[in-house]
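Report on the following structure.
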Amino acid sequence: MVMNRLWLSFLLIGLLPAAFTYQEASSFRHPHRVQNIVPGDFTHSGKLDILVMSESQTKGQLDMILYPASLAGGFDIDHPLRVPSSTLSQPIPIDANGDLKIDLLSMTPASKDDPKAPFQLWQNVWNSSQPDSPLFNMCVPRSSAKLTTAFLTEPPASRPDSMARSVHWPIRIVTLLSTLMGTALQLFVRFPLSALLPDSLSLLVLDTTYAPPIPLSLKLGDVNLDGFPDILLITGSGKDRIPSLVLSKPCAAGMVGCSANGMGRRGWEVAKSGADPLSTIKDARSVAFLDVDEDVNIFMRYMIPVYSVLITVQGTLDIMVQRTGDAGHGNVIFVQNNYYYDAFFLKAIGRPSDDWTIYLFLKPFGVSYSGASYKYTVLDTSGHRSAAQVGQLPQTSYHALQTPYSFFGLGRTNNYIENLFVGSTVHTDWHYINMEGVIPNSKVVILPSANEGEAWKRELFLRPGEWIPWVTVTVVAGTVVLAIIVFVLHLNEKACYPLYLPVYLAHVTCNFSQREDELERRRASHHINFDAL
C-alpha cells in the first residue's frame, strides 16, 4: 500500500517460473491524505476490514473511517462506517473486554487535556443484525485484573531532529526464563551505535517525508532461524539512508554486546556476507520483514474439512524497503532471503472462531487480531531445551507493516516441538491451550472461542516439498513388500485351507503343513522321553 498518496491500492503477489510479479487487485480513492491503515476484522464477519486514518480538516486530530469487507470481494466503499476522531497519536488496537473484537485505545481531542482520564477506549459494539448501530462506543478504560494489559510510555525530551547517537537493544525473552530458573541476567544491554556501525553517523528514527513525521521502530525477525531475533534498521551518513541487518550471535571476543573477554550469552553483528543488495540502497525511509514466497491460493474454505483452504507454507523472512525515490530506482524494493539455514521454523496465527457462513457451504478463512501470544519449548540436536515467546501483531500504528502471523525460528532440532503454548485475550478461565508434538516447518492456525467451555479449533498446514512423491513411492513399495511377506507366512501356516486356494497350492500347502506337524510331534515325543530319564 502506498500510504502517501490519495489512492489505496491492494496488490496480489503471484509466483512466476522465473520471478515474482505484483498485480493490482483493487483500488479506490480516499478523500483525504492517508496517515495509516489498520487491517482487521472489526465487524466480526470473518473477512478483512480496513480502518483508514487520515488528515482532518480540524487541526490536531485524525479522522478515521472503516471500510468493511464486501461479500462479493473487496471493500464496501459505498457504505463506510465513520469512527470518532482521535488526536494525532494514532490509536492502538486492543481487545479490552475479552470478546475477541478489536477495540481502540488512544486520546480524543476532548480528553487529552483531562489529567484524570486522558485515555479513551473505542469499545467495539458492532451488531451485524442492526446495520444502523454504531461501530464503537466511547468510554473510559477501566483497570482490570484480567488479561488485557497495555504499557504506555512517554519518551524523554530529546533532540528534535530525526537522528540519535545511541540506542537500547533488547535481549531475547529467553533470558527471562534463565532468571526464573535462578540465574540473574540483565534483560537489556546498552552500547553506542558507533560500536556496531562505525561507518554510520546516526540511526534513522523518524520518517520526515510525512507531516507530522512518523516514528520508525526497529524491526525484529528471525532471519537465520536460530531462535533469536535479528534487527533490521536504517542508518544515516550524510544524505545516505542505508538499511542494515544486525544478526544475533553467540558471544565471542570483540563482539558488540558482550564483555571484553567474550563472556555473555548473545551479541550483535552486522550482516556483511551476501548483504550487498541492502548496502547499495541509499534512499531508504522504512523497512519491514515479510515472506514473499508464501502463497495463499484460496481465501475461502468450505465447511467440509476435506475442502479446506490451501496454503503453501514457506520458511524465510524477506525484506521490503520503502524508498524516497531520490535515487531514481522506484519507491519500493524487495530483497529475497536466499540464505540456506539448516534449521526449522514455525508460523502461528490466531483468529476468532469461524462461526461465519457466507453462502451454503462457503466460509471465510478469518483474520488475525492483536493480542494472541505464543510460547514454545524445543530440544536441539544436543538435547538442550530452549524456549521463546512471540506476540502476534505487536504494532499496527505508524506504518509498522507487521506480518499477520507470528514467525519464529526453532534452530537445529530433530524432534517435534515439545510444547506450544497459545494464549488469547479471552476473559475466561481457559484462555489458553497447550499443544504437544507440533510438526516443525508448518503453519498452525488456532481459533479461540469467547464462549466459556467451548473447545478451540486447530488447523495445521504443511509445505508440499519435492520429497513428497519419493516418500509416497517408498510407503507404497514398503506396503507391497510387507503384503508379500504376510502372504508367504500365511501359506506356511500349519493348518490347510483348501477351500479358497487352487488345488496345486492347497496340495503343496497341506503336505508342507503335515510335514511340519510330524516334526513337531517328534520333538514333543523326544522331550517327554528325556523327562522320563
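Below, the figures for the structure above:
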| quantity | calculated |
| --- | --- |
| Some residue of the range 467-482 being surrounded by 14 or more Cβ atoms within 10 Å (Cβ to Cβ) and farther than 26 Å from Asp293 by Cβ | no |
| Candidate set from the range 57-84 (those that are open to solvent by less than 30 Å² (accessible area, probe 1.4 Å) and part of a strand (DSSP E or B)); member that is farthest from Ser133 (Cα to Cα) | Leu62 |
| Test for Ser424: is it touching a Pro at 6+ places or on another chain (Cβ under 9 Å), crowded, with 19+ Cβ neighbours inside 10 Å and more than 30 Å from Leu206 (Cα to Cα) | yes |
| Matching residues, the range 90-132, being touching a Gly at 6+ places or on another chain (Cβ under 9 Å) and assigned to a strand (DSSP E or B) | Pro93, Ile94 |
| Count of the range 456-466 residues which are open to solvent by 80 Å² or more (accessible area, probe 1.4 Å) and in a loop (DSSP other than H, G, I, E, B) | 2 |
| Matching residues in the range 106-123 - criterion: being open to solvent by less than 40 Å² (accessible area, probe 1.4 Å) and aromatic (Phe, Trp, Tyr) | Trp122 |
| Any hit, the range 40-49, residues being among the hydrophobic types (A, V, I, L, M, F, W, C), part of a loop (DSSP other than H, G, I, E, B), open to solvent by less than 40 Å² (accessible area, probe 1.4 Å) and closer than 28 Å to Leu447 by Cα | yes |
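Residues checked against (1) open to solvent by less than 50 Å² (accessible area, probe 1.4 Å); (2) charged (D, E, K, R); (3) within 19 Å of Val256 (Cα to Cα):
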position: Asp199; (1), (2), (3): no, yes, yes
position: Thr208; (1), (2), (3): no, no, no
position: Pro212; (1), (2), (3): no, no, no
position: Pro215; (1), (2), (3): no, no, no
position: Leu218; (1), (2), (3): no, no, yes
position: Asn224; (1), (2), (3): yes, no, yes
position: Pro229; (1), (2), (3): yes, no, yes
position: Leu232; (1), (2), (3): yes, no, yes
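The values are calculated or read from the model by the stated rules, or taken from the named source; none is laboratory data. Please read all numbers here as calculations on a predicted model, not as lab measurements. Neighbour counts run over all protein chains shown; Cβ positions are idealised from the backbone, glycine included. Side chains included, ligands, DNA and RNA excluded: accessible areas come from the protein's heavy atoms. Shrake-Rupley method; radii C 1.70, N 1.55, O 1.52, S 1.80 Å.
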